[in-house]
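Written out below as structure tokens is the structure these notes cover.
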Amino acid sequence: METIIAFDEHLFIYLNNLGSRTWDWLWLLITEKEMSYPLYAVLLFLCYKTFGIKGLFSVMITVALMIATTDQLANLFKDTFMRPRPCNEDFMMQARFISKRCGNYGFFSGHAISTFAVTFFIGKLLKPYYKYAFSGLLVWCILVAYSRIYVGVHYPADVIVGALFGIIVGTIYYKLNLWFQKKYLNLA
């Protein structure tokens with residue numbers, strides 16, 4: 001386990017130091033949850049256009065439950081493992097920390113789990129109707145996940161584990177939503 005942690009720390013330093021002051025402003029924007037709100041509005045519009053008001057209502061309820069699930073899972077893991085974020089580690093002097101905020105624990109990334117869950121839920125719902133919906137969302141969630149390393153608040157393993165949990169949660173909620181729409185809304 002020590003070897004994995006050491007590799008994770010070295011990989012973090014390498015990836016974090018790829019940054020440049022020229023691009024710091026962009027990565028600080030990408031990492032802010034509020035920057036995704038316009039994207040969410042577009043996705044809601046596409047869901048309404050594709051599935052109608054009943055389908056949109058079902059998607060909104062599913063997303064609310066899914067985000068609650070991802071938040072609670074991330075908090076449970078952070079409180080259980082209590083792995084300090086890299087920005088709280090004294091030995092990380094070689095890294096570039098540009099985030100002004102640094103919480104206590106970082107395993108695993110709440111940003112990664114929630115963005116990957118949204119991508120695998122909404123992306124799969126819209127993929128049959130919009131050719132590039134899933135791939136576009138995948139690029140977005142990878143950028144958000146990397147931004148957490150770039151700004152210095154998560155190790156690569158925090159992001160990778162968060163992404164894997166997000167894929168699982170998003171896929172489960174996708175299947176639940178399809179079942180609900182078929183059984184109760186006659187949409188699928």
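Just to be sure, is Phe121 outside any loop (DSSP other than H, G, I, E, B), within 21 Å of Thr31 (Cα to Cα), open to solvent by less than 20 Å² (accessible area, probe 1.4 Å) and without any contact (Cβ under 8 Å) to a residue 60 or more places away in the chain?
Taking the combined requirement at face value, the residue satisfies it.
Within segment 137-159, which residues are touching a Gly at 6+ places or on another chain (Cβ under 8 Å) and in a helix (DSSP H, G or I)?
Correct list: Leu137, Leu138, Cys141, Ala145, Tyr150, Asp158.
Given Lys131, Lys183, which one is modelled with pLDDT under 95 and within 24 Å of Ala41 (Cα to Cα)?
Lys131
Return the residues of segment 92-113 that are without any contact (Cβ under 8 Å) to a residue 40 or more places away in the chain and either closer than 16 Å to Leu15 by Cα or part of a loop (DSSP other than H, G, I, E, B) (or both); say none if nothing qualifies.
Met93, Lys100, Asn104 - these are the residues of segment 92-113 that are without any contact (Cβ under 8 Å) to a residue 40 or more places away in the chain and either closer than 16 Å to Leu15 by Cα or part of a loop (DSSP other than H, G, I, E, B) (or both).
Search segment 165-187 for residues that are farther than 20 Å from Gln72 by Cα and pair each with any residue that is assigned to a helix (DSSP H, G or I) and open to solvent by 60 Å² or more (accessible area, probe 1.4 Å) when their beta-carbon atoms are under 8 Å apart and the residues are at least 6 apart or on different chains.
Between residues of segment 165-187 that are farther than 20 Å from Gln72 by Cα and residues that are assigned to a helix (DSSP H, G or I) and open to solvent by 60 Å² or more (accessible area, probe 1.4 Å), the close pairs are Leu185/Lys54; Leu187/Lys54.
Taking Val169, is it within 27 Å of Gly52 (Cα to Cα), buried (at least 16 other Cβ atoms within 10 Å of the Cβ) and modelled with pLDDT of 95 or more?
yes
The values are calculated or read from the model by the stated rules, or taken from the named source; none is laboratory data. Please read these numbers as outputs of a predicted model, since none were measured by experiment. Quick reminder, even Gly has a Cβ in these numbers, built from the backbone with ideal geometry, and neighbours come from all protein chains shown. Only protein heavy atoms, including side chains, enter the accessible area calculation; ligands, DNA and RNA are left aside. Shrake-Rupley method; radii C 1.70, N 1.55, O 1.52, S 1.80 Å.
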